[in-house]
Amino acid sequence: MLKFLSQIKKVSDIKKFSINQLKYLSQEIRRFLIKSISKTGGHLSSNLGVVELTIALHYVFNSPKDKIIWDVGHQAYTHKILTSRKTKFNKLRQFGGLSGFLKRQESPHDIFETGHSSTSISAALGIATARDLKNEDFNVIAVIGDGALTGGMAFEGLNHAGRSNTNLIVILNDNEMSISKNVGGMSKHLTSIRTNKKYQKAKVGTARILNKIPKLGHTLIETLKHTKEGLKSFVIENTIFEQMGFKYLGPIDGHNVEDLIKVLASTKELNGPILIHVKTIKGKGHSQAEKEPSKYHGISSVVSQSTYTFTNGFSNAIVHLAKKNTKIVAITAAMTDGVGLTKFSQEFSERFFDTAIAEQHAVTFAAGLAISGLSPIVAIYSSFLQRAYDQILHDCALQNLPVIFAIDRAGLVGEDGQTHQGIFDISYLAHIPNMTILSPKYPSEIESALKYALLKKSPTAIRYPRGNIKTVDLKSIEYDKNADPIAHIKNKGVLLLTTGKTVIWGFDVCQCLLNDYNIKAGLVEVPIISPLDVDSLVELTKGYSTIVTIEDHVLTGGFGSLVMSTLTNKEISKKYIHFGYENGIIEHGKIDELLEKYNLLPYQMAKTINDKIQIRKVKK
């Protein structure tokens, strides 16, 4: 029975609880999260780690008048529970249900939508600055993890905020984890703060400074004495945050709700930018999640069958090739396990580089490796690689450097929703000079794609989807031997041009057209999206009056656009039907549910093709 949680109908109800009752509330929320997420799937470890912090924030501040901005957003489940969305958790991350991230249309308490990291400080500073310009009165609090703090944008926000003298509270949620274990200079700096034993000078200096604060100084000192390590561990001078202009407080035990409330209440009265360093345990309250926080970062609602995914295909391929080619080096941005580089990192540790959450740096770092004669392979999710557009263009492509981009999660990813759908990469890569884009349809084709890319002396992107795809009666592409467009089914009248996983969709569409409408359609796989093989494309489309393109991508600037512009430039007149996403804002849900909504299941596409053909016949 959730005695205290059941009493919360609106967020202000939390304020009527005693400190002791809040501790029980924390336990109830953890039980609720574990039970709920085990059914629906979702982000577990990150949310278990911020229960007391979230309770303290809503106890002290008055949301939504006071603005709480959560970085990334996958740590905001307790925030959602407390802001009247507990009853909706049975459809968390499901089609038409509660988003796994912040969603402004869901609640006025969701101030800023986030799915990619390191944005909260910049957004919070913008909100605080607008407040000051409009002479309004409310608090602005940004909650950012130590993993997100490795992102360059977070430092840009800190740098601006530190010299602005704007009233802003930044809470650093330090659990020593992002998705994978944190690495780099910031991680080392935070470790030095956590373990610093030279307290005496800090204790005396801090007390002297705080005593100078009229009325509040003595109260704040007394508050700090209640922290786990006492005042001596609460303020350590000469942190990077102080040097950037912040009042630094910490580290404080992020699971002691009483201390959190006292500190947050006291800092409401301080002026200027303040950074509170809170130490938490990712996966708190779940023994396995505490031991393996990366494994329990996100969990599935159903135990997946043992399938050979595209990520598996990449993982095995890069390891196999690296055994023979010592120039191969691998780079990722805090996604070692997610992109399939764990095995590589173990076997070739000196050739593996995790840059932390710093996609821009990862790409330019790879350019430096390439210009020095190595063969860098950068493995990043499609939606995260967007952040490094300028580096891809300016640092890799304009210099024509042989950097290989292994783009995982290309296309729909499902339950993670609009911030994670990988449906823009063709658009933002195809127009970049010297760039080649490969699109394998089976996981087993990735090794051949890598071999092909390694032979090139220019940037190459290999895009592939999340999970697996069914195998149909279509032969595999061997990029290093034959990467021309392949006509798998030859017919006249209607020709389907497909690439990557949509080759399989196209195969099914051909079956539906034949079985349901007696339409015999041709099917062509285009394994190299850009640059298109113009001569082969022209030859293959001869005799067809209608060209159908299918892509797991937005239509604007996508595969269909490239095909149509290529044939139009050759003054070849065709009738076109394009299947893809009209709008790039695709919500969360299972992939088949989303495809059905956007009329992209094979039987739906077959019906659309037939309907348009019949309309043209009537017009004639």
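Computed quantities for the displayed model
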| item | result |
| --- | --- |
| Residue in the range 128-149 that is nearest to the chain's Cα centre (by Cα), counting only those that are surrounded by fewer than 18 Cβ atoms within 10 Å (Cβ to Cβ) and either in a loop (DSSP other than H, G, I, E, B) or not polar (S, T, N, Q) (or both) | ALA130 |
| Criterion violated by ILE127 - all others in (1) touching a helix residue (DSSP H, G or I) at 6+ places or on another chain (Cβ under 8 Å); (2) more than 21 Å from SER12 (Cα to Cα); (3) aliphatic (A, V, I, L, M) satisfied | (1) |
| Members of the range 264-285 that are at pLDDT 75 or above, more than 23 Å from the chain's Cα centre (by Cα) and in a loop (DSSP other than H, G, I, E, B) | LYS268, GLU269, LEU270, ASN271, GLY272 |
| Given (1) within 25 Å of ILE426 (Cα to Cα); (2) touching a residue at least 24 places away in the same chain (Cβ under 8 Å); (3) open to solvent by 10 Å² or more (accessible area, probe 1.4 Å); (4) more than 30 Å from the chain's Cα centre (by Cα), index of the condition LEU495 fails | (3) |
| Enumeration of residues in the range 252-275 that are open to solvent by 10 Å² or more (accessible area, probe 1.4 Å) and of a type in the set (A, V, I, L, M, F, W, C) | ILE261, ALA265, LEU270 |
| Residue that is farthest from LYS3 (Cα to Cα) [pool: residues in the range 23-63 that are open to solvent by 20 Å² or more (accessible area, probe 1.4 Å), in contact with a helix residue (DSSP H, G or I) (Cβ under 8 Å, 6 or more places away or on another chain) and in a helix (DSSP H, G or I)] | LYS39 |
| Top-ranked residue in the range 410-425 [being open to solvent by 10 Å² or more (accessible area, probe 1.4 Å) and more than 23 Å from ALA356 (Cβ to Cβ); ranked as farthest from the chain's Cα centre (by Cα)] | PHE424 |
| Candidate set from the range 1-22 (those that are among the polar types (S, T, N, Q) and without any contact (Cβ under 8 Å) to a residue 12 or more places away in the chain); member that is most open to solvent (accessible area, probe 1.4 Å) | ASN20 |
| Where a residue in the range 383-409 is surrounded by fewer than 22 Cβ atoms within 10 Å (Cβ to Cβ) and of a type in the set (S, T, N, Q) and its partner, wherever it lies, is assigned to a loop (DSSP other than H, G, I, E, B) and at pLDDT below 95, with Cβ under 9 Å and at least six apart | GLN386/HIS116; ASN400/LYS457 |
| Residue match in the range 420-429 (condition: out of contact with any strand residue (DSSP E or B) (no Cβ under 7 Å at 6 or more places or on another chain) and part of a loop (DSSP other than H, G, I, E, B)) | yes |
| Verdict on ASP66 being out of contact with any helix residue (DSSP H, G or I) (no Cβ under 6 Å at 6 or more places or on another chain), free of Cβ contacts under 8 Å to residues at least 60 places away in the same chain and among the acidic types (Asp, Glu) | no |
| Near pairs, Cβ below 7 angstrom, 6+ apart or cross-chain, from the range 37-60 (in contact (Cβ under 8 Å) with a residue 24 or more places away in the chain and farther than 18 Å from ALA142 by Cβ) to any residue that is small (Gly, Ala, Ser) and open to solvent by 10 Å² or more (accessible area, probe 1.4 Å) | LYS39/SER301; THR40/SER301; GLY41/SER300; GLY41/SER301; GLY42/GLY298; HIS43/GLY298; LEU48/GLY285 |
| Candidate set from the range 450-489 (those that are in a helix (DSSP H, G or I) and touching a residue at least 40 places away in the same chain (Cβ under 8 Å)); member that is surrounded by the most Cβ atoms within 10 Å (Cβ to Cβ) | LEU450 |
| Test for GLU113: is it in contact with a His (Cβ under 6 Å, 6 or more places away or on another chain) and either small (Gly, Ala, Ser) or on the phi < 0 side of the Ramachandran plot (or both) | no |
| Odd one out for ILE121 among (1) part of a helix (DSSP H, G or I); (2) over 22 Å from the mean Cα position of the chain (by Cα) | (2) |
| Matching residues in the range 67-97 - criterion: being open to solvent by less than 10 Å² (accessible area, probe 1.4 Å) and assigned to a loop (DSSP other than H, G, I, E, B) | ASP71, GLY73, ALA76, LEU92 |
| Matching residues in the range 431-449 - criterion: being open to solvent by 20 Å² or more (accessible area, probe 1.4 Å) and in contact (Cβ under 8 Å) with a residue 60 or more places away in the chain | HIS431, SER444, GLU447 |
| Cross-chain or 6+ apart pairs with Cβ under 9 Å, the range 500-517 first and closer than 14 Å to PHE559 by Cα and open to solvent by 20 Å² or more (accessible area, probe 1.4 Å), then hydrophobic (A, V, I, L, M, F, W, C) and assigned to a helix (DSSP H, G or I) | LYS501/PHE310 |
| Qualifying residue in the range 357-373 (condition: closer than 24 Å to ILE144 by Cα, at pLDDT below 95, outside any strand (DSSP E or B) and under 16 Å from the mean Cα position of the chain (by Cα)) | yes |
| Yes/no for VAL494 being part of a helix (DSSP H, G or I), out of contact with any Phe, Trp or Tyr (no Cβ under 6 Å at 6 or more places or on another chain) and aliphatic (A, V, I, L, M) | no |
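The values are calculated or read from the model by the stated rules, or taken from the named source; none is laboratory data. Since the structure is predicted, the reported quantities are computational estimates derived from the model, not experimental observations. So basically every Cβ, Gly included, is an ideal-geometry build from the backbone, and we count neighbours across all protein chains shown. With ligands, DNA and RNA removed, areas are computed over all heavy atoms of the protein, side chains included. Shrake-Rupley method; radii C 1.70, N 1.55, O 1.52, S 1.80 Å.
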